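Each remark here refers to the structure printed beneath this line.
Values quoted throughout were computed directly from the atomic coordinates according to the rules given, and no laboratory measurement underlies them. Keep in mind it's a predicted model, so treat the numbers as computed, not measured. Positions of Cβ are backbone-derived with ideal geometry, glycine not excepted, and every protein chain shown enters the neighbour counts.
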Amino acid sequence: MTILVTVKKVVGACLVLILFTPLFGEVFAQQPEEEGDLSDINATSSEVDAESGAPLAPALDDESWFKTETIFGDKIDVGDFVVGPGKAEIDLNPGETVIQEITVTNRISDDRVFKLELEDITGSEDGSSAVSLTGKEDGPYSIKDYISYPKDTFTLKLGERARIPITITVPPNAEPGGYYGSVLVSTVRDPGNRGELAPSSPIIARVGSLFFLTVRGDSVIEGKTLSVKTINTEKWYEKGPIELGILYENTGSVHVNPYGEISITNMFGEEVGFVEIEPWFVLPTSLRIREITWDREFLLGRYTVKASINRGYDDIVDVAHTSFWVLPWKVVGGMFLILFIVIFSLRAFFRTFELKRKN
């Protein structure tokens with residue numbers, strides 16, 4: 001009896017071992033596969049552009065300091081290159097560091113060499129331009145000491161986009177206020193021979209990405225709208241469009257982004273035009289003119305312009321006015337000619353009628 005029980009236990013243990021061994025083997029075999037899938041997903045997600053969703057191509061060994069991606073579509077070989085973003089606004093505390101990427105897309109030719117340069121920018125004293133490059137000279141609010149990048153040259157294939165890391169570091173003892181500059185991307189293009197007697201000359205093309213750095217602290221934010229006028233200061237027009245300019249002065253230590261609207265009324269006080277003005281920037285201690293174009297199918301008479309401009313801080317709104325006349329000489333001349341013909345015809349008719357009555 002004891003031997004029979006022992007045999008049954010051994011047989012039962014063997015059956016359990018036989019049944020459970022494939023199951024455990026199957027689970028154990030799937031686990032590495034699942035882990036492998038997760039690692040592949042993580043690797044893929046880290047190599048995908050967060051903005052466009054395009055896969056990032058592996059960088060070359062000598063260009064490992066930036067990432068690249070390949071663009072697709074019809075606009076690849078168009079003979080130019082694209083730099084973005086156009087402007088980056090960054091707010092930092094003293095002692096902080098941040099990395100801001102700029103993108104450079106090669107649409108010129110294969111194995112194109114690009115160069116990075118850093119120049120300060122300054123505003124205009126007469127409002128004629130948004131920014132002006134200072135070249136090798138330091139600007140009044142120089143950003144040169146705060147910006148750096150690993151290398152100043154890199155190579156791209158045709159249809160490649162590079163993501164260049166720009167490091168912005170604010171020293172602990174930095175003064176509060178605004179610091180402004182531009183990272184310029186340049187490349188040398190050969191326009192080719194224009195003839196046997198006309199030698200070809202390379203053209204250096206430069207495109208910049210503006211950097212507006214504001215160091216937090218006790219800075220001066222101050223500015224106002226000075227006027228709204230027609231661009232050429234004329235008061236008499238034959239027809240539209242009408243070019244208007246809003247002159248804004250920034251007297252503070254940081255840039256401001258004013259915005260607002262323009263309302264245009266005719267001689268009867270009726271609103272005949274409305275233009276919403278998107279925010280634009282004005283650098284410290286400078287003037288800038290915001291140009292606006294307004295047009296209608298038919299313009300005639302005196303028009304009044306009312307500009308309501310928010311200063312870009314503390315919700316303060318400035319109001320400025322101007323006026324202009326639109327008298328199309330062809331239309332007005334035609335009307336006077338028709339009126340003259342009508343009056344002349346009526347006088348001739350009544351004279352003839354009086355002569356007939358006398359006779």
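Here are a few things to note about the model shown:
- Sequence of Asp145, Asp138, Asp120 once ranked by neighbouring C-beta atoms within 10 Å, starting from the fewest: Asp145, Asp138, Asp120
- Between Gly273 and Ile264, the built amide H atoms are under 5 Å apart, and every one of these is 5 or more places off in sequence or on another chain.
- Taking other residues whose beta carbon is less than 10 angstrom from the beta carbon of Tyr248, and scoring Lys, Arg as +1 and Asp, Glu as -1, yields +2.
- Ordering of 272-279, 300-307, 124-131 by packing [mean C-beta count within 10 Å, highest first]: 300-307, 124-131, 272-279
- Cross-link pairs Lys67/Lys144; Lys115/Lys144; Lys115/Lys136; Lys144/Lys224; Lys87/Lys157; Lys67/Lys157 - those with Cα-Cα distance over 22 Å: Lys67/Lys144; Lys144/Lys224; Lys87/Lys157
- Close amide-amide hydrogen proximity is noted between Glu222 and Thr251, Gly252, Ser253, Val254, each under 5 Å apart and 5 or more residues distant or on a separate chain (H modeled in the peptide plane; Pro and chain starts excluded).
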